[in-house]
Amino acid sequence: MKEIKHMANNILLPIAGRGQRFVEDGYETPKPLIKTNGKYLIERSLESLDLTQSNLIFVVRKEHIDSHGIDEILNLKYGNDIKIIPIDYVTEGTLCTCLLAEEFINNKDSLTIFTPDCYFEPKFYYPKETTSSGRFLWNRDKQAFDALVATFYSEAPAHSYVRLNTNNVVQEAREKEVISNHAIGGLYYFKSGFDFVSYAKVMIEKNIRVNNEFYIAPIFNLMISEQFKVTIDKNTRHDILGTPEDIEKHEL
């Protein structure tokens, strides 16, 4: 086992959704810029991750640049080296939105995809060690893996879920279907960006959709079928910030 020092971990944040629940509740501010306890939702969510030695890549709605200057706000908060990809259409799902960053993530660097409408603890620190087989070694429990997903306890059908074996190795992932009490907490980590991009394209070729959308979670089923090892990181705290009601609870 030896430590590997990456130049960077790529953190991809797909925030180009419509935020329909907020729109329906009369919010004019884009969802990522809604304030909770004095902080932008995107800002509060990103406090869940270690951002050092990482490239931040945001996929945003062009109208949010034009109407609220979200690009300037992100630059002010996270520096001018971040990548901002504006789009003026709704994609066929989060997976497709992530692939719009292919030029930045289709490489051997590790990739963290975070859908930032939650805050969780403990903070996520991306792994830096590998085993002799080339798999990453997870910092917390020394589990060797190729990909990882953050989880929290839930049995609500609105979430995605993973089913585990006794060693906390993922056996199956399902979108919007309760197959365990291990709900996916919005963070997906891949040892290599190459892996995500290649299997995401296979998902699209095979037309693997849920409710007519391409989600991220089913990608793990393809990887597992080809002997990739996927593990979990259990959140001890997980605050959902996806709806107006969630924001109100968080501010109590």
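For region 147-198, which residues satisfy the criterion of being out of contact with any Gly (no Cβ under 9 Å at 6 or more places or on another chain), in a strand (DSSP E or B) and either without any contact (Cβ under 8 Å) to a residue 12 or more places away in the chain or hydroxyl-bearing (Ser, Thr, Tyr) (or both)?
Answer for region 147-198, where residues must be out of contact with any Gly (no Cβ under 9 Å at 6 or more places or on another chain), in a strand (DSSP E or B) and either without any contact (Cβ under 8 Å) to a residue 12 or more places away in the chain or hydroxyl-bearing (Ser, Thr, Tyr) (or both): 153, 161, 188, 189.
If you scan region 158-175, which residues turn out to be at pLDDT 95 or above and of a type outside the set (A, V, I, L, M)?
159, 160, 161, 163, 165, 171, 172, 174, 175
Could you list, in sequence order, all residues of region 116-146 that are touching a Leu at 6+ places or on another chain (Cβ under 8 Å) and either assigned to a loop (DSSP other than H, G, I, E, B) or aliphatic (A, V, I, L, M) (or both)?
Answer for region 116-146, where residues must be touching a Leu at 6+ places or on another chain (Cβ under 8 Å) and either assigned to a loop (DSSP other than H, G, I, E, B) or aliphatic (A, V, I, L, M) (or both): 116, 117, 123, 127, 131, 138, 143, 144.
So in region 51-90, with the set limited to residues that are of a type in the set (A, V, I, L, M, F, W, C), farther than 24 Å from residue 108 by Cα and under 21 Å from the mean Cα position of the chain (by Cα), which one is modelled with the lowest pLDDT?
The residue in question is 90.
Looking at region 166-216, which of its residues are small (Gly, Ala, Ser), buried (at least 17 other Cβ atoms within 10 Å of the Cβ) and more than 21 Å from residue 239 (Cα to Cα)?
Listed by number, the residues that qualify are 173, 192, 193, 200.
For the subset of region 29-75 comprising residues that are surrounded by 15 or more Cβ atoms within 10 Å (Cβ to Cβ) and small (Gly, Ala, Ser), which member is nearest to residue 112 (Cα to Cα)?
54
The values are calculated or read from the model by the stated rules, or taken from the named source; none is laboratory data. Keep in mind it's a predicted model, so treat the numbers as computed, not measured. When we count neighbours, we look across all protein chains shown, and the Cβ atoms used for this are built from the backbone with ideal geometry, even at glycine.
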